[in-house]
Amino acid sequence: MIDIDVALVPSEARRWPQTTVCIVIDELRASSTLTTLLDLGCEELFLTRGLAEARRLAHEHGSFLVGERGGRTPRGFDFNNSPSFLSRSVLGSRSGILCTSNGTNVLGRLQGMAAVLVGCLLNARACAEAALRLAGADGSVGVVCAGNLGAFAIDDAVGAGVIVNRLVEAAGGPNACREPNDAVQA
C-alpha cells in the first residue's frame, strides 16, 4: 500500500523520512513556470535560490535567466516567472536558470529526500504517475505546499488536492492507499 501525506506548509515535510518521494507545489508561480519552460523545449534547467548564483550560472552556461524577487523581475534577468508571458516566448533548446523568492528555496531544502518532483495543475497526472513509479508499491509520497514564505497558501493547497486525487487514481483507488490523515483529506 502506498502512503500519501500532505505538508500544507513546507516545515511539515521535515518530519518525513528521507525515503519519501516529494512533490513540491508552488502553483503561482514556480511550479507552473518550470513546467512551462520544459514544455517550451528548455532541455536543461538549473534551479537556484540566490540571485548572484543565478547570474553566475547563466554566465557559465550561456543560459537565459527567469525569476523574481518580491514579484518583480530582477535586474539583468531575461524573463519574469510568468508562465503566460513565457508561453509567448521562443526559447528553443537553450538552458535556463530559474530563481524565485519561494519555490526554488523550498525545492533546495528537500534535496536529501529520495526524489523531489515539481507538481502543479499543468502536470498533475504525469507528476503523480512519476511519483508512484519512484516510490514503489509500498513507498511514501509526500506532497509539499511551498506556501507563501513558509505560510499557508490556498493556491498550493488546491494544487495539492488535485495531485492527491491523481495519486489515488494512479495507485488504483483508495483501497491501494494507507488511511489518509486530515491534511490528505483536506
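With respect to residue 163, is the statement that it is open to solvent by less than 10 Å² (accessible area, probe 1.4 Å), closer than 22 Å to residue 43 by Cβ and in contact (Cβ under 8 Å) with a residue 40 or more places away in the chain true? If you could, list the steps in order and put the result at the bottom.
On the way: open to solvent by less than 10 Å² (accessible area, probe 1.4 Å): yes; closer than 22 Å to residue 43 by Cβ: no; in contact (Cβ under 8 Å) with a residue 40 or more places away in the chain: yes.
In short, no.
Among the candidates 34, 40, single out the residue that is touching a residue at least 12 places away in the same chain (Cβ under 8 Å), within 22 Å of residue 129 (Cα to Cα) and crowded, with 21+ Cβ neighbours inside 10 Å. Let's see the steps before the verdict.
Working: 40 fails: crowded, with 21+ Cβ neighbours inside 10 Å.
Answer to the check: 34.
Please pick out the residue among 109, 94 that is among the charged types (D, E, K, R) and either closer than 17 Å to residue 35 by Cα or more than 15 Å from the chain's Cα centre (by Cα) (or both). So that I can check it myself, show each step before the final result.
On the way: 109 fails: either closer than 17 Å to residue 35 by Cα or more than 15 Å from the chain's Cα centre (by Cα) (or both).
Going through 109, 94 in turn, the sole match is 94.
Is one or more of the residues making up region 107-127 in a helix (DSSP H, G or I), among the basic types (Lys, Arg) and at pLDDT below 95? Full working, then the answer.
Taking region 107-127 first, the residues in a helix (DSSP H, G or I) are 107-109, 121-127.
The next check asks that each one be among the basic types (Lys, Arg); those that pass are 109, 125.
Checking which are at pLDDT below 95 leaves us with 109.
Within region 107-127, one or more residues are in a helix (DSSP H, G or I), among the basic types (Lys, Arg) and at pLDDT below 95.
Any chance region 30-38 includes a residue that's in a loop (DSSP other than H, G, I, E, B), more than 24 Å from residue 149 (Cα to Cα) and among the hydrophobic types (A, V, I, L, M, F, W, C)? Before the answer, list the steps.
Of region 30-38, the ones in a loop (DSSP other than H, G, I, E, B) are none.
Checked region 30-38: no residue is in a loop (DSSP other than H, G, I, E, B), more than 24 Å from residue 149 (Cα to Cα) and among the hydrophobic types (A, V, I, L, M, F, W, C).
If residue 52 passes every condition in (1) open to solvent by 60 Å² or more (accessible area, probe 1.4 Å); (2) at pLDDT below 95; (3) hydrophobic (A, V, I, L, M, F, W, C) but one, which one does it miss?
(2)
From the set of residues in region 135-152 that are under 20 Å from residue 15 (Cα atoms) and more than 14 Å from the chain's Cα centre (by Cα), which is surrounded by the most Cβ atoms within 10 Å (Cβ to Cβ)?
Among those residues, the one meeting the criterion is 135.
Might you check whether a residue that is out of contact with any His (no Cβ under 6 Å at 6 or more places or on another chain) and at positive phi occurs anywhere in region 106-129? Can you show your working first?
Here is the first cut: in region 106-129, the residues out of contact with any His (no Cβ under 6 Å at 6 or more places or on another chain) are 106-129.
Pick out the ones that are also at positive phi and you get none.
The answer is no, given that none of the residues of region 106-129 is out of contact with any His (no Cβ under 6 Å at 6 or more places or on another chain) and at positive phi.
May I ask you to say which residue of 45, 98, 65, 57 is in contact with a Phe, Trp or Tyr (Cβ under 6 Å, 6 or more places away or on another chain), open to solvent by less than 50 Å² (accessible area, probe 1.4 Å) and assigned to a strand (DSSP E or B)?
65
So is residue 182 surrounded by fewer than 22 Cβ atoms within 10 Å (Cβ to Cβ), of a type in the set (Asp, Glu) and touching a helix residue (DSSP H, G or I) at 6+ places or on another chain (Cβ under 9 Å) or not? Outline the logic, then answer.
Numbers: surrounded by fewer than 22 Cβ atoms within 10 Å (Cβ to Cβ): yes; of a type in the set (Asp, Glu): yes; touching a helix residue (DSSP H, G or I) at 6+ places or on another chain (Cβ under 9 Å): no.
It is false that residue 182 is surrounded by fewer than 22 Cβ atoms within 10 Å (Cβ to Cβ), of a type in the set (Asp, Glu) and touching a helix residue (DSSP H, G or I) at 6+ places or on another chain (Cβ under 9 Å).
If you take the residues in region 1-29 that are modelled with pLDDT of 95 or more, of a type in the set (A, V, I, L, M) and in a loop (DSSP other than H, G, I, E, B), which one is most open to solvent (accessible area, probe 1.4 Å)?
8
For region 68-95: of the residues being within 24 Å of residue 23 (Cβ to Cβ) and part of a helix (DSSP H, G or I), which is least open to solvent (accessible area, probe 1.4 Å)?
86
The values are calculated or read from the model by the stated rules, or taken from the named source; none is laboratory data. All of these numbers come straight from a predicted model, not from anything done at the bench. Here Cβ is always computed from backbone atoms with ideal geometry, including for glycine, and neighbour counts include all displayed protein chains. In case anyone asks, the SASA skips ligands and DNA or RNA and just uses the protein heavy atoms, side chains included. Shrake-Rupley method; radii C 1.70, N 1.55, O 1.52, S 1.80 Å.
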